[in-house]
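Only one structure is covered here, and it is reproduced in the block below.
The values are calculated or read from the model by the stated rules, or taken from the named source; none is laboratory data. Note that this is a predicted model, so its numbers are computed, not measured. Reconstructed Cβ throughout: ideal geometry from the backbone, glycine too, with neighbour counts over all protein chains shown.
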Amino acid sequence: MGLFDKLFGEFVDVIEWTDDSNDTMVYRFERYGNEIKYGAKLTVREGQAAVFVNEGEVADVLGPGMYELETRNLPILSTVLSWDHAFSSPFKAEVYFVNTRRFVDLKWGTKNPLMIRDSEFGAARVRAFGTYAVKVSDPLKFLREIVGTDGHFQVEEISNQLRNLITSRFSSAVGAAGIPVLDMAANYEQLGDVIHTRIAPEFGEYGLELTRLLVENISVPPAVEEALDKRTSAGMVGNLDKYMKYQTGVAMEAGAANPGGAAGAGIGMGAGLAMGQQMANSMQGSSAAGSAAAMPPPLKAAAEYHVAVDGVATGPFSMAGLQQQHQNGSLRSDTLVWTVGMEDWSEAGRVSDLADLFASKAPPPLPAS
């Protein structure tokens, strides 16, 4: 620096920083030889903190406000430099302005697809994207752990590290949550809260506060998306017969709108063939239904009975055989009989199917003359 810069640095006694960027986290106030006059004016605006560093060691931290730099508001630096109340000469110290506002709309995302186990599709690969917001919560820790001696520290210098941290914790959270791929869209907020809770302490180790984390999209590879689209389309079709009728009607309407075109002729021919096939199927169905309705029901098979003769089961005998036995007197009303469906042997006269055999055959009496 020239003589003018030296003189300007020695006599200018106003220290302030107005941020004209959107990505500066720390700015070191430049002074010639780092010389600051005792009693100089320091302006710290809202969303800022001023950190004094003497010979590489962090001293005092001042929040928003206007200060006159002297022993009462720089106690640590005063002790280090052994100032007394009469001290009035310039002193050497570095002043770092730390931007404590929120840095929003920072992007995070998976560089490579994550392999997860899905309850419906088995193994699946997913990718995720989102945004997050961060702010400096502890200026001293942030300077010690991250910034060091960087005089112009920007958010992009740490965003890669923060993004990798979020991605890693997201992989663990998704794997442990067990949420099906098709249900993840309904759980973006829940996943964001889980990841935020898990990694907020790790951000705190850098002197940062993770104020917001959003999961904006979780997607599957294109091949899986195509398969899901086909599956969705098949589900929307539903009744294939109704769908074909609808398509036929659409084709006929398109053909009628352009009757002279080759496409219209082809569409009309296709629609006609489709309608003919539909009518043939309907007629065949109606014919088959009519034929089925005209056929009489099958005849009930006549029951056959076993007859007990001298304690021995004989038969089975048809109804004609039972009539013959009744006529020759071997089958009486108290004779035990049995057929399929009866629980036990029963007297023939008590079986409803054989009641006609034992009914009286005598004619009714003549009316009185």
* Pairs, first closer than 12 Å to Trp338 by Cα in the stretch 313-325, second in a helix (DSSP H, G or I) and polar (S, T, N, Q), C-beta under 8 Å, six or more apart -> Phe317/Gln325
* Structure fact -> Residues in the stretch 122-162 that are farther than 24 Å from Leu62 by Cβ, of a type in the set (Phe, Trp, Tyr) and buried (at least 18 other Cβ atoms within 10 Å of the Cβ) total 1
* Structure fact -> Given (1) modelled with pLDDT under 85; (2) surrounded by 18 or more Cβ atoms within 10 Å (Cβ to Cβ); (3) assigned by TED's automatic domain parsing to the domain that holds Thr43, Val95 misses just (1)
* Would you check if Val12 is at pLDDT 85 or above and either among the β-branched types (Val, Ile, Thr) or touching a Gly at 6+ places or on another chain (Cβ under 8 Å) (or both)? => no
* To do: Return yes when Phe203 is in a helix (DSSP H, G or I), surrounded by 14 or more Cβ atoms within 10 Å (Cβ to Cβ) and under 20 Å from the mean Cα position of the chain (by Cα) and no when it is not.
  => no
